[in-house]
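Colleague: Below is the structure I would like to discuss, written out as structure tokens.
The values are calculated or read from the model by the stated rules, or taken from the named source; none is laboratory data. Just so you know, these numbers come straight off a predicted model, no measurement behind them. Methodologically, a virtual Cβ is constructed for each residue, glycine included, from the backbone with ideal geometry; neighbour enumeration extends over all protein chains shown. Areas reflect the complete protein model, heavy atoms only, side chains present, ligands, DNA and RNA absent. Shrake-Rupley method; radii C 1.70, N 1.55, O 1.52, S 1.80 Å.
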Amino acid sequence: MQFEVFTLLPEVFPSYLETSIIKRARERGLINVRVHNIRDYTHDKHHMTDDTPYGGGGGMVMKPEPIFEAVESVLGLSAPGEVEEMPFDAAPGESNIPIILLTPQGRVFNQSIAQELSQHSHIVLICGRYEGIDERIREHLVTDEISIGDYVLTGGELPALILIDAISRFLPDVLGDPTGAQDDSHAMGLLEYPHYTRPPEFRGWKIPEVLLSGAHAKIDKWRREQALLRTQKKRPDMIEKAGLSKEDLKFLKTIEQK
Ligand code: ADE
């Protein structure tokens, strides 16, 4: 999986990308992240990437030219008017590489969007800054807009890292455990069951007996029930959408009656 990140703050990325699972995935060639400085695609003396908004008002707006030029040159896309000279290149939007703008106005990121995006081999992430970006970037370059939640950050850099992390976990061999992503919270529409490790008793708190039984069917059943219970308690909104089996529903009913 090839990620192309476009940002005014490239220095934000290395420390996270050089850590833990993401570092290993990069070293093993499972993912590659290229971080491009939008400022490198300016041509004026002051390397301006933003300007005042038409119509007045406060704040600055990210200019279209450097962002278009950066994405088009990295992807080998042709700008309108250059199509004749480069007949084999796609224009922005005609290539099937998702060009994603990180913005609080986007669709809200979740596990199923991460899985959907993991099916692509190449993804572009554009990090917005300042008050906003020129609308023509949204209309004519970007193919998708993603938000990481209903709050406003100072820029799209942390959201881009979040997408890279969540998407990479779905790629074959990125996680040590091949079933790793299957049991995650949210993977099956439920929160994950509780985990325990040694010691079996800590400060008088014992682990649930069933986990020591060695009876796998019993353990699976207990884990399913625990996942149902904690999802109902912490995220009842997820229970409604989880597509539960008859057995799951029966279990939740018996609990309600207690
Ligand atoms: N940029 C600023 N806030 C954001 C958010 N919540 N999600 C994605 N990008 C953002």
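Colleague: When all C-alpha to C-alpha distances in region 2-74 are sorted into bins of 5 Å, what percent of pairs does each bin hold, rounded to whole numbers?
Modeller: Taking every Cα pair in region 2-74, the percentages come to 3, 15, 20, 18, 15, 12, 9, 6, 3, 1, 0.
Colleague: Right, next: Could you work out the local net charge near Arg169, counting Lys and Arg as +1, Asp and Glu as -1, over the other residues with Cβ closer than 13 Å to its Cβ? Walk me through the intermediate numbers first.
Modeller: Details: positive: Arg24; negative: Asp165, Asp173, Asp177, Asp183, Asp184.
Surrounding charge for Arg169 is -4.
Colleague: I would also like to ask the following. In nanometres, what is the gap between the two model label sites at His216 and Tyr130, each 7 Å from Cα along Cα-to-Cβ?
Modeller: Placing both labels 7 Å beyond Cα along the Cβ direction yields 5.9 nm.
Colleague: Which percent of the accessible heavy-atom area of region 2-168 goes to carbon and sulfur, probe 1.4 angstrom? Walk me through the numbers before you get to the answer.
Modeller: Working: 4480 of 8760 Å².
Exposed carbon and sulfur together represent 51 percent of the surface.
Colleague: Moving to a separate point now. What full-extension length gain, to one decimal in nm, is calculated for His140 and Asp51 as 0.36 nm per residue of separation minus the Cα-Cα distance?
Modeller: On the way: separation 89, 0.36 × 89 = 32.04 nm, distance 1.93 nm.
Contour length minus the Cα-Cα distance gives 30.1 nm.
Colleague: With axes computed from alpha carbons, what is the tilt in degrees of helix 216-234 against the longest principal axis of the chain, rounded to the nearest 10 within 0 to 90?
Modeller: 60 degrees
Colleague: What relative contact order, as a whole-number percentage, does the chain give when Cα pairs under 8 Å and 6 or more residues apart are counted?
Modeller: Details: 347 pairs, mean separation 46.5, N = 258.
For the chain, the relative contact order is 18 percent.
Colleague: What FRET efficiency comes out for the pair Glu209/Val108, r = Cβ-Cβ distance, R0 = 45 Å, nearest 0.05? Intermediate values should be presented prior to the final figure.
Modeller: On the way: r = 40 Å, r/R0 = 0.89.
Between Glu209 and Val108 the formula returns 0.65.
Colleague: In terms of Cα to Cα distance under 17 Å, which lysines are near enough to Lys63, apart from those fewer than 8 places away along the same chain?
Modeller: Here the lysines satisfying the reach criterion relative to Lys63 are Lys45.
Colleague: Which semi-axes, in whole Å and largest first, does the equivalent ellipsoid of region 188-257 have when worked out from the alpha carbon gyration tensor as the square roots of 5 times its eigenvalues?
Modeller: On the way: eigenvalues 122, 38, 24 Å².
The three semi-axes for region 188-257 are 25, 14, 11 Å.
Colleague: Using the heavy atoms of the protein chains and a 1.4 angstrom probe, tell me the accessible area per residue for the chain in square angstrom. Mind showing how you got there, number by number?
Modeller: On the way: 15560 Å² over 258 residues.
Dividing the accessible area of the chain by its residue count gives 60 Å².
Colleague: In nm, give the distance between the simple-model label positions of Arg34 and His195, each being 7 Å from the Cα along the Cα-to-Cβ direction.
Modeller: 3.5 nm
Colleague: P(r) for the chain, please, calculated from all Cα pair distances in 5 Å bins and given in %.
Modeller: For the chain, the binned pair fractions read 1, 5, 10, 13, 14, 13, 11, 9, 7, 6, 4, 4, 2, 1, 0, 0 percent.
Colleague: Follow-up question, since we're still on this one. Can you compute 3J(HN,Hα) from phi for each residue in region 145-150, using the Karplus curve 6.51 cos²θ - 1.76 cosθ + 1.60 with θ = phi - 60°, rounded to whole Hz and x for Gly and Pro?
Modeller: 3J(HN,Hα) across region 145-150, in whole Hz: 10, 10, 10, 9, x, 7.
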